[in-house]
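Take a look at the structure below.
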Amino acid sequence: MKAEDVKVCVLRIEGTNCEDEMAYAFESVGATAEKVHLKQLTGQAPLEMRRSLEDYDILAFPGGFSAGDYIRAGAIFAARIRSAIGDDVKAFVEAEKPVLGVCNGFQILVELGLLPAKDGSIMDPVPTAALYNNDSARFECRPTLLRNDNNGKCVFTSSMKKKQVVMFPSAHGEGKLLSMDENFVQKLEDNDQVVFRYVAPEGEETKYPWNPNGSPSDIAGICNPAGNVMGLMPHPERVLTRFTHPDWTRGYETEEGDGILIFRSVMEKLLR
């Protein structure tokens, strides 16, 4: 398979607003990305516009405010997916195809039950976690530093060094990952499902604003037990080059931004 043969479905509905950046991110590493409305997968579109999820190699849920984030962030989008193409999405994940959710996409994956799926299931019948309101009770848009804490399971960080620190900007109002399970964080740790944690510069204690939402154990991104589904709150697709980093005018060794690592990792995994 060549890079251009990798087909990416960037799934959107009304309220999604980061699909262009997500598609461009995958195209930047050679993939062929298509912005697909949910109705194109459910048969509610003209025949020539209909698509089948099984024809794609990667599924990506971009950020935004799908369906206005009514009820809960991502809940309506997830409910529509589950009722119309839930079996197709489950089969996609069972086939070990990569699935990425960023910001609102992360919220959708949690509402769908694809994350954390910590007991080995593919898609939990009901959500077992949620992304709650930030501790600041406001929308947080700021640079955030993330450390790769995964041990190599996650396909989206496979080309990153362990403990490597990157800068991805955050832009969310509901990013605090919580669960009714009091052992939630420990189970994620035991399953090597913690991918990214918020960190502070120079190694000092991580607190607001470096953890912009109050997520326990500073968790910024997780994967499923198989490692092919990842959700994270900050936006790697917004820092594909150094020129969209907040410190781009200062010294740097490469014009590449930190975010390109996510998309390059999954492509390298698929093309091996």
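Throughout, read-outs are computed from the coordinates displayed, never taken from laboratory work. Just so it is clear, the model here is predicted, and its values are computed rather than measured. Cβ coordinates were reconstructed from backbone atoms using ideal geometry, including for glycine residues, and neighbour counts include every protein chain displayed.
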Checklist entry - What are the GluC sites (Glu not before Pro) within the range 131-216 that DSSP puts in a loop, where the Cβ has at most 13 other Cβ atoms within 10 Å? => result Glu182, Glu204, Glu205
Next on the checklist: Taking every DSSP beta bridge with both residues inside the range 3-271, roughly what % is antiparallel (nearest 5)?
Outcome noted: 60
Item to check | Cross-link partners of Lys7 among lysines (Cα-Cα below 20 Å; sequence separation of 8 or more within a chain) | outcome: Lys35, Lys39, Lys90, Lys97, Lys269
Checklist entry - Near Lys162, which aspartates and glutamates are there with a Cα under 20 Å away, not counting those fewer than 8 places off in the same chain? => result Asp149, Glu189, Asp190, Asp192, Glu202, Glu204, Glu205, Asp218, Glu256, Asp258, Glu268
Checklist entry - Taking the range 95-165, which chymotrypsin sites (Phe, Trp or Tyr not before Pro) meet the DSSP loop condition and have no more than 14 other C-beta atoms within 10 Å? => result Phe139
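Counting other Cβ atoms within 10 Å of each Cβ, which chymotrypsin sites (Phe, Trp or Tyr not before Pro) in the range 1-75 have at most 13 and sit in a DSSP loop?
For chymotrypsin sites (Phe, Trp or Tyr not before Pro) across the range 1-75 that sit outside H, G, I, E and B with at most 13 neighbouring Cβ atoms in 10 Å, the list reads Tyr70.
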Checklist outcome for this item: So the FRET efficiency between Ala45 and Ala95, C-beta based with R0 = 30 Å and rounded to 0.05, is 0.80
Checklist outcome for this item: the range 113-173 and the range 190-208 have their Cα centres apart by a whole-number Å value of 11
Checklist outcome for this item: Residue by residue through the range 122-130, the couplings from Karplus 6.51 cos²θ - 1.76 cosθ + 1.60 with θ = phi - 60°, in Hz, x for Gly and Pro, are 7, 9, 4, x, 9, x, 10, 8, 7
Checklist entry - Ranked by Cβ crowding within 10 angstrom, fewest neighbours first, how are Asp181, Asp55, Asp149 ordered? => result Asp55, Asp181, Asp149
Item to check | Spin-label pair Glu268/Ser159, simplified geometry with 7 Å Cα→Cβ offset, distance in nm | outcome: 0.5
Checklist outcome for this item: Under a Gaussian network model of the chain whose springs join Cα atoms within less than 10 Å, the largest fluctuation of Pro236, Pro116, Pro246 belongs to Pro246
Checklist entry - Cα gyration tensor of the range 1-128, axes a ≥ b ≥ c as square roots of the eigenvalues: rounded (a/c below 1.5), prolate (a/b > b/c) or oblate? => result rounded
Next on the checklist: Taking 8 Å as the Cα distance limit and 6 or more residues as the minimum spacing, I'd like the relative contact order of the range 83-146 as a percentage.
Outcome noted: 22
Next on the checklist: Students often forget the sequence filter, so: which lysines lie under 21 Å Cα-Cα from Lys207 once same-chain residues fewer than 8 apart are removed?
Outcome noted: Lys163, Lys176
Checklist entry - Which order do Cys223, Cys9 fall in if you start with the one that has the fewest other Cβ atoms within 10 Å? => result Cys9, Cys223
Checklist outcome for this item: The residues Leu112, Leu11, sorted from fewest to most surrounding Cβ atoms within 10 Å, come out as Leu112, Leu11
Checklist entry - Between Glu54 and Ile71, how many nm apart are label points set 7 Å from Cα along the C-beta direction? => result 2.8
